[in-house]
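What follows is a set of notes on a single structure, which appears directly below.
The values are calculated or read from the model by the stated rules, or taken from the named source; none is laboratory data. The shown structure was predicted, so the numbers you read here are calculated from the model rather than taken from an experiment. FYI the Cβ positions are ideal-geometry reconstructions off the backbone, even for glycines, and counts take in every protein chain you see. Note: accessible area is taken over every heavy atom of the protein model, side chains too, but ligands, DNA and RNA are not part of it. Shrake-Rupley method; radii C 1.70, N 1.55, O 1.52, S 1.80 Å.
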Amino acid sequence: VRPVPSIGRKHASRDEIRKVLDHMRDQAAVDSWQGWKSKRLYVLTSVLAYTGMRAGEAIYLQVQDIDLEAEVIFIVSRAEHRTKTVASSASVPMPPPLVPIVRAWLENRLSRPPEFKFDANSPFLFPNARATGPWWSGGPGARPCTRMKAVAAEVGVALTPLTLRHSMATHLLHFRSEEH
């Protein structure tokens with residue numbers, strides 16, 4: 001017999017998301033290697049929060065998929081990462097508050113300590129530490145989802161990439177119902 005999963009709240013409130021993003025932004029203000037890692041997490045979480053993208057779609061984004069002038073992110077299915085569905089390959093509008101966050105990240109995404117060896121030609125928006133691929137994995141506690149959960153827990157919020165996706169959908173539904 002298969003147990004029935006507990007159905008709890010699958011989304012976060014706008015205030016909870018803002019609280020987490022503010023905390024992440026504060027951590028990212030440090031000019032150090034740890035600050036760079038915090039910036040990467042902050043921008044990734046912001047992209048997920050403002051667009052409702054799937055985590056895999058965001059993590060495998062490449063710089064060429066971002067059009068800051070048109071304020072659009074293009075989700076592209078590639079050999080190294082296929083989108084979940086055919087319809088997932090689409091353009092996603094960037095809300096105005098997200099544009100400066102991504103713009104600042106693009107200027108610093110390949111910043112590394114002087115003695116650190118890395119691939120300066122990495123196409124990924126969220127590169128791993130050596131910029132040899134996307135930031136998908138890492139040591140214990142260093143994966144994107146694990147880091148997001150841990151930093152959100154520091155401010156008392158339960159947050160995952162899927163929670164952010166559900167939150168976007170929930171808040172859009174409430175916004176649409178308020179219009180009518």
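Taking label positions 7 Å along the Cα-Cβ direction at both Ala150 and Arg103, the computed distance is 3.2 nm, reported to one decimal.
Taking a ≥ b ≥ c as the square roots of the eigenvalues of the alpha carbon gyration tensor, segment 37-83 is oblate, as a/c is not under 1.5 and a/b does not beat b/c. Accessible surface for the chain, divided over its residues, is 57 Å² per residue with a 1.4 Å probe. Sorting Ser77, Ser38 by solvent-accessible area of protein heavy atoms yields Ser77, Ser38, largest first, with a 1.4 Å probe.
The shape of segment 4-46 comes out prolate: with a ≥ b ≥ c from the C-alpha gyration tensor, a/c is at least 1.5 and a/b beats b/c. In terms of distances greater than 29 angstrom between alpha carbons, the cross-link table entries Lys84/Lys117; Lys10/Lys84; Lys10/Lys37 yield Lys84/Lys117. Checking every one of the GluC sites (Glu not before Pro) in segment 26-108 against DSSP loop status and a limit of 16 other Cβ atoms within 10 Å picks out Glu69, Glu71, Glu80. Round to a whole angstrom and tell me the spacing of the C-alpha centers of segment 54-129 and segment 1-45. First find each Cα centre; the distance between them is then 18 Å. Once you have a ≥ b ≥ c as the square roots of the Cα gyration tensor eigenvalues for segment 1-75, tell me rounded if a/c is under 1.5, and otherwise prolate or oblate according to whether a/b is larger than b/c. Oblate shape, in that a/c is at least 1.5 and b/c is the bigger or equal ratio. Among the listed values (1) 30; (2) 41; (3) 34, the one matching percent of Cα pairs over 25 Å apart as calculated from this structure is (3).
Note on segment 75-147: with charges restricted to the Cβ of Lys and Arg (+1) and Asp and Glu (-1), its dipole about the Cα centre is near 180 debye.
The Ser88 and Phe116 beta-carbon pair, evaluated with R₀ = 35 Å, returns a calculated FRET efficiency of approximately 0.55. A simple rule links phi to the HN-Hα coupling: the Karplus curve 6.51 cos²θ - 1.76 cosθ + 1.60 with θ = phi - 60°, which for segment 32-45 gives 7, 4, 5, x, 4, 4, 5, 4, 4, 5, 4, 5, 4, 5 Hz, with x for Gly and Pro. With contacts taken as Cα pairs under 8 Å and at least 6 residues apart, segment 101-167 reaches a relative contact order of 15 percent. Where only DSSP H runs of four or more residues are counted, the chain gives -14000 deg cm²/dmol as its mean residue ellipticity at 222 nm, each run worth -39500 (n - 2.57).
Each Lys and Arg contributes +1 and each Asp and Glu -1, all at the Cβ; summed about the Cα centre of the chain, the dipole is approximately 720 debye. Near Asn128, the amide H atoms lying under 5 Å from its own belong to Gly133, Trp135; only residues 5 or more places off or on other chains count, and H is placed 1.01 Å from N. The 3J(HN,Hα) values that the Karplus relation (6.51, -1.76, 1.60; θ = phi - 60°) gives for segment 48-64 are, in residue order, 5, 5, 7, 10, x, 5, 6, 4, x, 5, 6, 5, 8, 4, 10, 4, 5 Hz. Gly and Pro appear as x. Taking Cβ atoms as reference points and 10 Å as the exclusive limit, the residues near Trp135 contribute a net charge of +4, counting Lys and Arg as +1 and Asp and Glu as -1. The share of accessible area on the chain that comes from carbon and sulfur is 56 percent, using a 1.4 angstrom probe.
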